[in-house]
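What follows is a set of notes on a single structure, which appears directly below.
Throughout, read-outs are computed from the coordinates displayed, never taken from laboratory work. Model, not experiment: these values are computed from the prediction. As a convention, Cβ positions derive from the backbone with ideal geometry for all residues, glycine included, and neighbour counts pool all protein chains shown.
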């Protein structure tokens, strides 16, 4: 029997993941916020705004009606900006069946509440941990739509549900692994955006690979410290949802966060960068909530603090880097 899956969000990652699901044999309904985009997807068989000219699998149809998207779905995949999840899910919750598994593709921490996306899903819908899953890992949408080999982690507290989701998105080019450490996968996905900004800033300043490698490595240390304080498995951060995602975000020209950081390092302001690209990056907003989450758990995250100072406090990047390098010396494993 064909699995019915709803994907809420017709942006780049929502569209790419819908393609993976359809290639794996699912019947996918892609929800788009604007009716004209849904109509264009159905008419042209492409997503003209994000992947123009790129044919989508025939197993994908689009709609602007959330009830139609959710009807009969075994999985409801959530692929909207993290800071909009609460409002969007509040509008969708009544049309999503109680047995539907809610799958988060989002990588962020909610501003104000410092909740992870799975925690927002639970709070808004009342779903238990066995109905909430996350997908994370080095998944740059621009490569996946070309069906280049990639791997990911599908995490759920219920291992059987994780395996079911694994089967639903397993293709010849997309290899999912299962995990029950939802918190670890989400922390890795949220913090890597912030570290990606830091690496981009260093690149924009003209700093070399030693600097960038140091930021990636110490950024992973920050991520792991925060994850451990929140009860995550430390091994998660050595895997696809930790190091894998961090490397892809920090090293790829396809990464929005790193590209945004490059502009900041070159002297542009946040507003100027947004105006030049017409898009923002998840880490620009989430860096503050990640910092607040770290402070709440009394975890030292100096790279994250540096990024917030540059992005939101207007500190010159060179001064921020100098202050970071002037911190007192300590053992590496701290």
Alpha carbon centroid spacing (whole Å) that separates the range 66-103 from the range 271-324: 30 Å
Tail weight of P(r) past 24 Å, computed on alpha-carbon pairs of the range 183-325, percent: 22 percent
Distance in nm between pseudo-label sites at residue 113 and residue 295 (7 Å out along the Cβ direction from Cα): 2.0 nm
Prolate/oblate/rounded label for the chain (Cα gyration tensor, a/c 1.5): prolate
Segment residue 46-residue 98, length gained on full extension (0.36 nm per residue, minus Cα span): 15.6 nm
Additional length obtainable on full extension of the chain from residue 170 to residue 276, 0.36 nm per residue less Cα span: 34.5 nm
Sorted by Cβ neighbour density within 10 Å, fewest at the top, the residues 173, 50: 173, 50
Cα-based shape type of the range 1-51, given that a ≥ b ≥ c are square roots of the gyration tensor eigenvalues and the cut on a/c is 1.5: prolate
Residue of 17, 54, 237 that the Gaussian network model of the chain assigns the largest fluctuation, springs spanning Cα pairs under 10 Å: 54
Residue order, fewest to most surrounding Cβ atoms within 10 angstrom, among 230, 106: 230, 106
Residues in the range 133-154 reached by a label modelled at residue 247 [backbone nitrogen below 16 Å; 7 Å Cα→Cβ]: 137-140, 149-153
Rg/Rg_globular for the range 4-180, with Rg_globular taken as 2.2 N^0.38 Å and Rg from C-alpha atoms: 0.94
Contact order normalised by residue count of the range 235-334, Cα under 8 Å, 6+ apart, percent: 16 percent
Most mobile of 321, 153, 290 in a GNM of the chain (Cα contacts under 10 Å): 321
Pairwise label distance in nanometres, residue 254 with residue 55, each label 7 Å out on the Cα-Cβ vector: 2.1 nm
Candidates 240, 89, 30: whichever shows maximal mean-square fluctuation once the chain is modelled as a Gaussian network with Cα springs under 10 Å: 89
Theoretical gain in end-to-end length, residue 325 to residue 123 [0.36 nm per residue, Cα-Cα removed]: 68.7 nm
